[in-house]
Amino acid sequence: MSELESMRLDKWLWCARFYKTRSLAVEEIGRGRVTVNGSHAKAAREIHPGDTIALKQGNIPKEVIVRGLSGMRGPAPVAQTLYEETAQSRLNREQLAEQRRLAPEPAAALAAQHTGRPTKRDRRDMERMRDPWGDRWSASIED
């Protein structure tokens, strides 16, 4: 951290390691997923220590208070000193994690079961599904 008084929002988000690149930060800001002190902001918006920033990282909403400014992107432990997550944000994030744990995506379980090439049993089951009547159904007249 240095004695900076203000810096661009996109650069701060990148330095604080919320986004991997500044262009991703600019893209998220442009989509309206980042607000500063409750109002939508542009990438060039100047932020100061004490500002409240609400953002989404993937599907996870976060609200942080700016505690410091840095002129360069540093290691994660240093980046975590640049902000403080609000108690309400932390609670919401934990509740969302619990909901995801209790109600997992149904398609995820199916994808986890069948990976790779089908087995001989799988192929036979697929054949039965395609032709459920097999040789029992015929349009010919028996003698």
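For the ranges 27-39, 5-17, what's the packing order if you count other beta-carbon atoms within 10 Å of each residue, average per peptide, and put the highest first? Mind showing how you got there, number by number?
On the way: 27-39: 14.4, 5-17: 20.2.
The peptides rank, most packed first, as 5-17, 27-39.
Sum up the charges of everything whose Cβ sits under 13 Å from the Cβ of Thr21, counting Lys and Arg as +1 and Asp and Glu as -1, but leave Thr21 out. Write down the numbers at each step before the final one.
Details: positive: Lys11, Arg17, Lys20, Arg22, Arg73; negative: Asp10, Glu27, Glu28.
Local charge sum for Thr21: +2.
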How much of the accessible area of the range 28-85, in percent, comes from carbon and sulfur atoms when a 1.4 Å probe is used? 52
20 Å Cα-Cα reach of Lys11 towards lysines, excluding residues that sit fewer than 8 places from it in its own chain: Lys20, Lys42, Lys56, Lys62
Highest first, please rank the peptides 72-80, 120-128 by the mean number of other Cβ atoms sitting within 10 Å of their residues. 72-80, 120-128
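The values are calculated or read from the model by the stated rules, or taken from the named source; none is laboratory data. Not measured: the values here are computed from a predicted model. We place every Cβ from the backbone using ideal geometry, glycine too, and count neighbours over all the protein chains shown. Just the protein is used for accessible areas: all its heavy atoms, side chains included, with ligands, DNA and RNA removed. Shrake-Rupley method; radii C 1.70, N 1.55, O 1.52, S 1.80 Å.
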